[in-house]
Every structure is written in structure tokens, then in C-alpha cells.
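A.B. asks: I have a structure here, written as C-alpha cells, and I will follow up with some questions on it.
The values are calculated or read from the model by the stated rules, or taken from the named source; none is laboratory data. Because the structure is a prediction, the values reported are computed rather than measured. Neighbour counts run over all protein chains shown; Cβ positions are idealised from the backbone, glycine included. SASA here: full protein model, heavy atoms, side chains in, ligands and nucleic acids out. Shrake-Rupley method; radii C 1.70, N 1.55, O 1.52, S 1.80 Å.
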Amino acid sequence: MKRGILHAMAMTKMADVAHPTGVPPVFVARGLCKSYGTGDATVHALRDLDLDIMQGEFVVLLGPSGSGKSTLLNILGGLDAPTSGRAAWRDHELAGADEAALTAYRRDHVGFVFQFYNLIPSLTARENVELVAEIARDPMQPEEALALVGLSRRLDHFPGQLSGGEQQRVAVARAIVKRPDALLCDEPTGALDVETGKLVLSAIARANREVGATTVVITHNAAIAGMADRVLRMGGGRIVSIEANGNRCAPEELVW
Ligand SMILES: Nc1ncnc2c1ncn2[C@@H]1O[C@H](COP(=O)(O)OP(=O)(O)OP(=O)(O)O)[C@@H](O)[C@H]1O
Ligand SMILES: [Mg+2]
């Protein structure tokens with residue numbers, strides 16, 4: 001009986017985590033907390049956060065500066081560890097995993113795109129992508145990844161010969177060449193103008209569609225929300241709202 005009540009309570013808690021039905025969650029966070037510092041100086045970056053992200057979903061994460069977006073993304077990507085609570089990718093427990101396990105998890109499953117592209121300046125676009133393909137288990141050809149982001153004609157250009165948007169698309173190609181299960185992007189258009197930003201977003205949307213990577217994009221630009229299956233808003237280390245988007249639009253259709 002007691003067990004039944006506990007089960008019902010657990011189900012209620014699960015039901016609070018609104019998500020589309022019929023698809024299994026791949027990321028699961030329960031009671032996730034992350035704090036920095038001690039005593040009066042403690043900063044609570046994440047406070048008791050619950051979240052499910054579904055297989056293949058495109059999620060946009062919005063929220064003011066300091067609300068915990070990067071902290072959450074870094075924990076999901078195995079770059080950072082929570083202070084308490086649960087975080088899992090399928091059957092990989094991320095909370096409490098050791099550094100070797102997190103490194104293997106990142107290498108085998110996750111592609112990252114950050115605001116600054118971090119390409120190696122002495123390598124061409126193709127070589128920057130190749131570097132990741134070489135250590136991946138089932139990579140696509142670097143040329144294929146670069147074609148997916150619309151850069152077939154820039155294969156042998158060095159980063160210094162590419163525009164910011166093109167460099168960021170190389171970074172997207174580098175993230176997707178290993179066919180990641182998850183594509184995690186932290187302000188990928190933060191350093192770009194509107195039109196260039198849209199090209200980068202279409203590259204990310206295409207990777208989500210064609211590689212099937214479960215995709216999370218952090219942005220300050222609420223207009224990007226139109227591209228998402230779901231829009232999560234964070235505030236004060238919590239998720240304050242979740243909206244499902246019945247009518248996902250192409251990046252080109254976004255009005256900024
Ligand atoms: N390494 C750290 N040491 C101490 N405090 C940190 C650290 N990283 C993040 N924080 C704090 O945790 C909180 C959440 O930070 P986080 O970077 O996740 O926010 P964010 O939503 O990504 O913000 P932004 O939009 O500015 O990138 C902030 O108050 C931040 O100052
Ligand atoms: Mg951030």
C-alpha cells in the first residue's frame with residue numbers, strides 16, 4: 001500500500017514534467033542542484049530542477065543571464081557535475097560519474113557548439129572536421145558534414161579565410177560529423193548578425209532532422225523559439241515554463 005502511494009507520488013512528479021507523449025526521454029534530470037561557493041557566498045545555479053528531453057527533440061532554452069542555462073547544458077553534456085540530484089543520458093548516469101566515464105560519454109554521444117567557434121587556425125575547414133571524425137566510432141565523411149552545413153565550396157579554406165557565420169558552420173559540421181546522439185549549442189548565434197545567424201540555425205536544424213540528434217539550443221533571441229519542438233524558460237535556476245510548439249517553422253521563416 002505504502003509502495004503504491006510512493007509510486008503514485010512519483011508519477012505525479014513525472015507528470016509535472018510536461019513533454020510530448022509517445023517518445024522515450026533520453027535526458028532525464030530529477031532534483032538537479034548545482035551550487036558554487038560556500039556559506040553566504042553560495043550561488044545556487046540550479047535549484048531542484050526536473051526535466052525530460054525526448055529522443056530527436058529540438059529544444060530551445062531561454063532565460064535571463066545567470067538563470068542557469070549553461071550550467072544545465074554543461075551537466076547534460078558531461079562537462080560539469082551537479083552538486084546533488086540525478087542526471088542521466090539513457091542508461092548513463094551522469095551525476096557521480098568519474099572523469100573517464102564522462103570523457104567517453106562526451107566523445108561517443110555529444111556534439112557541442114559554443115558561441116566562439118574555437119577552430120584550429122592552422123587547419124582547413126575539412127581538417128578541423130576530420131580531427132573529430134578520426135576519433136569517432138561511426139563518423140560520416142568530413143565532406144558530408146560540411147555539405148550538410150552548406151560549405152561544400154569551402155573545404156580547403158582556413159578559418160581566417162572564412163566569415164564568422166562560415167566558421168560557426170564549420171563548428172557545427174565538426175559537432176555533427178560523429179553523428180552525435182545529442183547536439184548541445186550554447187548561444188551559437190551570439191556573435192553573429194541576424195542573416196548569418198539564420199544560416200547557422202538552419203545548419204543546426206538540418207543536423208537535428210537528418211542526423212536525428214536530440215538538440216538543445218541556448219539563446220537570448222526569443223525569435224529562435226519558433227524553430228523548436230519545445231521552449232523551456234529558465235529563471236533563478238529553475239524551469240519556469242515549458243511550451244510545446246505545434247507548428248515548428250524553418251529558420252528562414254523566423255522574424256527577428
Ligand atoms: N564556475 C562558477 N563559479 C561560480 N559561480 C558560477 C560558476 N559558473 C556559473 N556560476 C553562477 O551560476 C549562475 C548560473 O550561471 P550560468 O552560466 O548557468 O547562467 P546562464 O543562464 O548561462 O547565463 P548567461 O545567459 O549569462 O550565459 C550564475 O549566477 C553564475 O554567476
Ligand atoms: Mg550561459
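A.B. asks: Hey, what angle do you get for helix 99-109 against the long axis of the chain, alpha-carbon based, 0 to 90 degrees rounded to 10?
C.D. replies: Roughly 60 degrees between the two axes.
A.B. asks: Please report, as a whole percent, how much of the solvent-accessible surface of the chain comes from carbon and sulfur atoms (probe radius 1.4 Å).
C.D. replies: It is 53 percent, rounded to a whole number.
A.B. asks: Can you give the accessible area of M54, probe radius 1.4 Å, in Å² rounded to 10?
C.D. replies: 0
A.B. asks: Right, here's the next one. Explain nothing, just the number: relative contact order of region 2-253, from Cα pairs under 8 Å at least 6 residues apart, as a whole percent.
C.D. replies: RCO, region 2-253: 24 percent.
A.B. asks: Moving on to the next point. For region 92-151, what are Rg and Dmax over the alpha carbons, in angstrom?
C.D. replies: Rg and Dmax of region 92-151, Cα atoms, are 13.7, 40 Å.
A.B. asks: Please list 3J(HN,Hα) in residue order for region 241-250, calculated via the Karplus relation 6.51 cos²θ - 1.76 cosθ + 1.60 where θ = phi - 60°; whole Hz, with x for glycine and proline.
C.D. replies: 7, 10, 10, 8, 10, x, 10, 5, 10, 6
A.B. asks: Taking amide H positions as placed 1.01 Å from N in the peptide plane, with prolines and chain starts having none, which residues 5 or more places from E57, or on another chain, fall under 5 Å of its amide H?
C.D. replies: Sorted by chain and number, the residues that satisfy this are T215.
A.B. asks: Still on this structure, please answer the following. Full extension from S163 to R209: what is 0.36 nm times the residue separation minus their Cα-Cα distance, to one decimal in nm? Mind dumping the intermediate values first?
C.D. replies: Working: separation 46, 0.36 × 46 = 16.56 nm, distance 2.51 nm.
Fully extending the segment from S163 to R209 adds 14.0 nm.
A.B. asks: Once fully extended, how much extra length lies between R248 and E127, figured as 0.36 nm per residue of separation less the alpha-carbon to alpha-carbon distance?
C.D. replies: Fully extending the segment from R248 to E127 adds 40.2 nm.
A.B. asks: Can you give the helix-only mean residue ellipticity at 222 nm for the chain, where every DSSP H stretch with n ≥ 4 adds -39500 (n - 2.57) and the sum goes over all residues, rounded to the nearest 500 deg cm²/dmol? Spell out each step's value before the answer.
C.D. replies: Details: 7 runs with 80 residues, N = 256.
Dividing the helical sum by the residues of the chain leaves -9500 deg cm²/dmol.
A.B. asks: Of the trypsin sites (Lys or Arg not before Pro) in region 135-199, which ones lie in a loop per DSSP and count no more than 10 other C-beta atoms within 10 Å?
C.D. replies: Hits after loop and neighbour filter: R137.
A.B. asks: Given R₀ = 41 Å, FRET efficiency for D156-V23 by Cβ-Cβ distance, to 0.05?
C.D. replies: Numbers: r = 40 Å, r/R0 = 0.98.
Efficiency, rounded to the nearest 0.05: 0.55.
A.B. asks: Can you list the HN-Hα couplings for region 169-176, worked out from phi with the Karplus curve (6.51, -1.76, 1.60; θ = phi - 60°), rounded to whole Hz and with x for Gly and Pro?
C.D. replies: 5, 4, 4, 5, 4, 5, 6, 9
A.B. asks: Can you list the residues, at least 5 places off or on another chain, whose amide H is less than 5 Å from the amide H of C249, using H built in the peptide plane?
C.D. replies: M227, A228
A.B. asks: Mind listing the phi-derived Karplus ³J(HN,Hα) values for region 222-232, rounded to whole Hz, using 6.51, -1.76 and 1.60 with θ = phi - 60°, and x for any glycine or proline?
C.D. replies: 4, 4, 5, 3, x, 7, 8, 6, 9, 10, 9
A.B. asks: Please compute the per residue accessible area over the chain with all protein chains in place, 1.4 Å probe, rounded to a whole number of Å².
C.D. replies: Result: 47 Å² of accessible area for each residue.
A.B. asks: Same structure again: Pop a pseudo-label 7 angstrom from the Cα along the beta-carbon direction at both H44 and E99 and give the gap in nm to one decimal.
C.D. replies: So the label points at H44 and E99 sit 3.1 nm apart.
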